[in-house]
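Peer 1: This is the structure, below, for whatever I ask next.
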Amino acid sequence: MQISGYSSAAMLAYRSSGMKQKAGTVKKQDFSQMVQNTSAQATSQTDKTAATKEVSEVDEMAAFKQEIYEELAEIDKMNSSAILSNSVHITEDGFKRMKEDPAYRKEIMDWLRADARASHGVPFGVHVTTTITGSGATSYGMNVFDNDSAATKASKQQWADKKTKGSFYHSDRTYADRRAAQRKRDREYVASERQKRELMQKMTLEKSIDQKAQRQLLDQKALAQNVVDQKYVQDYLLGMQESKSWNI
């Protein structure tokens, strides 16, 4: 059979050859495009993964820093009114070390708590500056005495103000704050002493009542013993009389 000068076998071979060529061409183009698309997708996915990881790490560190800030605020509440200002500087490697090493964080925070408790025995004002790094922590205090001149106190305040710049945490107690804290401690002391006196009075009263009860008990025993003794004497005398009557 002839079709346009081609035998059916030749036409079939031509078509088959053309299909193979076309298929080969298409496959080659599809694979090349696929490689490009895959490479682009992989690059995009890698970028997205890296970006997600970077954002995640940033978020984690931000949350950790907020946690540290809140812990420092709680510790700062432990300070006495002698601490006029408190500035805490923390380097990035300091944050990183505390985040990755809980034992290091605990050591630093326990040290700060110990300092806060010790501040209640300080008889003068102090501006405190603390620096925490990945290798340790240091603390420096500027002492302010009652007999310091106004110029000296102003100079020390300026020093403290400079130290607050760049600090991660800072608190500043004004004169009114210190007076309020002192009044609170005075009220707590008075309330504590009143409670002690009331407890002592209660104990004294209970002791007095107990002693009175003991005296009453002793009196009752003595009275009972007296009655027994009197009866014994009466019986004895009665017996003597009966004996004498029998002898007669």
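The values are calculated or read from the model by the stated rules, or taken from the named source; none is laboratory data. The model shown is predicted, which means the values in this text are computed figures rather than measured ones. Every residue, glycine among them, receives a Cβ derived from its backbone with ideal geometry; neighbour counts consider all protein chains shown.
Peer 1: Quick one: Lys153 ticks every box in (1) in contact with a helix residue (DSSP H, G or I) (Cβ under 6 Å, 6 or more places away or on another chain); (2) modelled with pLDDT under 95 bar one, so which box is it?
Peer 2: Evaluating Lys153 over (1) in contact with a helix residue (DSSP H, G or I) (Cβ under 6 Å, 6 or more places away or on another chain); (2) modelled with pLDDT under 95 leaves (1) as the failure.
Peer 1: Asn143 - would you say it is within 18 Å of Arg173 (Cα to Cα) and either buried (at least 19 other Cβ atoms within 10 Å of the Cβ) or basic (Lys, Arg) (or both)?
Peer 2: Here the answer is no, as Asn143 does not meet what is asked.
Peer 1: Considering each residue of region 56-81, count those that are loosely packed, with under 11 Cβ neighbours inside 10 Å and not in a helix (DSSP H, G or I), and give that number.
Peer 2: So the count comes out to 1.
Peer 1: Please find, among Ala154, Ala103, Ala114, Ala160, the residue that is within 27 Å of Ile90 (Cα to Cα), assigned by TED's automatic domain parsing to the domain that holds Ile83 and touching a Ser or Thr at 6+ places or on another chain (Cβ under 9 Å).
Peer 2: Ala160
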